[in-house]
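Participant: Please read through the structure below; I'll follow up with questions.
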Amino acid sequence: MVATPGRPLVIAHRGASGYLPEHTQQAKALAYGQGADVLEQDVVATRDDRLVVLHDLFLERITDVARRYPGRARADGHWYARDFTLAELHGLAVTERLAATGAGAEFPGRFPPWQGEFRLHALDDELALLRGLNVTTGRHVGAYPEIKCPAWHRAAGIDLGVVLAERLEAELALRGPLPLWLQCFDPAELRRLHAEGFRLPMTQLIGRVPARQGDWAGADPLSTAGLASLARHCAAIGPWLGHVWRDGCDTGLVARAHEVGLAVHPWTLRRDRLPDGCATADSLASQLCHEIGVDGLFTDHPDLVVRVRAHGRRLAEALD
Ligand code: CA
């Protein structure tokens, strides 16, 4: 789906994670209330093969798992969600994301670490929240689940891509239409799911260094040939912001992706972590929405993009 020019989808990255601890029900409800069009879910499997909304494979950056289960870290020092049941995960206290060093917050100035009452939740719970809010508001806010580390999950005994795709197909069949995109960094995974007959709209994520992501089937995803190849099974690409905007300028990727019919949903606009050379979050959001013409934008601050998007539309109407 290519969005209306100047009105890209506001995709709430881990919810309104600039304001509340990421991937909590509170962060999702706030994003919804701020006017986001889509809520993002990172999806990881638990020991009992349930799907939980969690960014990392492990737990210690956003929960009290190290204190609650001191003996259950693996040899690499991480507490993996795959080693815990969903019931155990529900019992953990969730905090604003901690810095990798373990000292202080990843984003100083965001929600204070260890304050408030927050919990992890299953993908099913988030879809129920989203469906319920769509009933009470009459809106059609969508979901944007990500298959996290599919090869790692296969080695750990679960085909996460297939389990998630089947869960989403069942969701659509049982409860009716919902705007939905299935995203993944691993290029082989989305190709495989398409080849196995899944027809959910898919978004190929493209990191800073695509060569590190896996098998691109011989075509650099940022090249015209690579984009054309992705267009055979994807609806959109989700590139690192630096691939569409660099040093204040449009790189041309959006136009080239549009030529082959791919929508472009870059990540991640954060007011408190702007790319080099960017004056303000508002100016960057405005340029992405109104000049470069992205079709969606992942952001930790949905209200900011909603406001900038609306301002641009009023400006355009005034000039007409
Ligand atoms: Ca994600």
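The values are calculated or read from the model by the stated rules, or taken from the named source; none is laboratory data. Remember, predicted model here, so these are calculated numbers, not experimental data. As a convention, Cβ positions derive from the backbone with ideal geometry for all residues, glycine included, and neighbour counts pool all protein chains shown. Keep in mind that these areas ignore ligands, DNA and RNA; they rest on the heavy atoms of the full protein, side chains included. Shrake-Rupley method; radii C 1.70, N 1.55, O 1.52, S 1.80 Å.
Participant: Can you compute the charge dipole magnitude of the chain about its Cα centre, using +1 on each Lys and Arg Cβ and -1 on each Asp and Glu Cβ, nothing else charged? Give it in debye, rounded to the nearest 20.
Facilitator: 160 debye
Participant: Per-residue counts of other Cβ atoms within 10 Å, averaged by peptide: what ranking do you get for 81-92, 214-225, highest first? Working shown, then result.
Facilitator: Values: 81-92: 18.8, 214-225: 14.3.
Per-residue Cβ counts within 10 Å, averaged per peptide and sorted highest first, yield 81-92, 214-225.
Participant: Quick one: what does P(r) look like for the range 123-197 with 5 Å bins over all Cα pairs, in whole %?
Facilitator: Taking all Cα pairs of the range 123-197, the binned fractions are 3, 14, 25, 23, 16, 11, 6, 2, 0 percent.
Participant: So what is the calculated 222 nm ellipticity per residue for the chain, using -39500 (n - 2.57) for each DSSP H run with n of 4 or more, over all residues, to the nearest 500 deg cm²/dmol? Please report the intermediate quantities before stating the final value.
Facilitator: Working: 11 runs with 103 residues, N = 320.
Computed mean residue ellipticity for the chain: -9000 deg cm²/dmol.
Participant: Using the Cα centre of the chain as origin and beta-carbon charges of +1 (Lys, Arg) and -1 (Asp, Glu), tell me which of Gly102, Ala279, Leu39 is placed farthest towards the positive end of the dipole.
Facilitator: Gly102
Participant: If you rank Asp247, Asp125 by how much accessible surface each has, with a 1.4 Å probe, what is the order from largest down?
Facilitator: Details: Asp247 120, Asp125 65 Å².
Putting Asp247, Asp125 in descending order of accessible area: Asp247, Asp125.
Participant: Could you point to the residue in Leu180, Gly197, Leu123 farthest towards the positive end of the range 91-204's charge dipole, with +1 and -1 charges on the Cβ of Lys/Arg and Asp/Glu respectively?
Facilitator: Comparing the listed Cα positions along the dipole, Leu180 ranks first.
Participant: Now for a separate question. Going 7 Å from the Cα of Arg167 toward and past its Cβ, which residues in the range 42-75 have a backbone nitrogen under 20 Å from where you end up?
Facilitator: Counting only backbone N, you get 42-60, 62-63.
Participant: How much accessible area per residue does the range 14-106 have, counting only protein heavy atoms and a probe of 1.4 Å, in square angstrom? Before the final figure, lay out each step's value.
Facilitator: On the way: 3180 Å² over 93 residues.
That works out to 34 Å² for each residue.
Participant: Here's something else I'd like to know. At 1.4 Å probe size, put Trp245, Trp152 in order of accessible surface, largest to smallest.
Facilitator: Values: Trp245 15, Trp152 75 Å².
Result, largest first: Trp152, Trp245.
Participant: Give me the percent relative contact order of the chain, please, defined on Cα pairs under 8 angstrom at least 6 residues apart. Intermediate results must be reported in sequence, preceding the final value.
Facilitator: Working: 611 pairs, mean separation 69.4, N = 320.
Once divided by the residue count of the chain, the mean separation gives 22 percent.
Participant: Going from most exposed to least, what order do Cys278, Cys149 have by accessible area with a 1.4 Å probe?
Facilitator: The ranking, largest first, comes out as Cys149, Cys278.
Participant: Mean projection of the alpha-carbon convex hull of the chain over all orientations, in nm²? Mind dumping the intermediate values first?
Facilitator: Details: hull surface 67.8 nm².
In nm², the orientation-averaged hull projection of the chain is 16.9.
Participant: Please compute the per residue accessible area over the range 151-225 with all protein chains in place, 1.4 Å probe, rounded to a whole number of Å².
Facilitator: Values: 3500 Å² over 75 residues.
Accessible area per residue: 47 Å².
Participant: How much of the accessible area of the chain, probe 1.4 Å, is carbon plus sulfur, in whole percent? Spell out each step's value before the answer.
Facilitator: Details: 7380 of 13310 Å².
C and S fraction of accessible area: 55 percent.
Participant: With +1 on each Lys and Arg Cβ and -1 on each Asp and Glu Cβ, how big is the dipole of the range 1-93 about its Cα centre, in debye rounded to the nearest 20? Could the numbers behind the result be given before it?
Facilitator: Numbers: 11 positive and 12 negative charges, 20 e Å.
Rounded to the nearest 20 debye, it is 100 debye.
Participant: Same structure again: Once you have a ≥ b ≥ c as the square roots of the Cα gyration tensor eigenvalues for the range 1-153, tell me rounded if a/c is under 1.5, and otherwise prolate or oblate according to whether a/b is larger than b/c. Please list the in-between numbers first.
Facilitator: Numbers: a/c = 1.91, a/b = 1.57, b/c = 1.21.
The shape class here is prolate.
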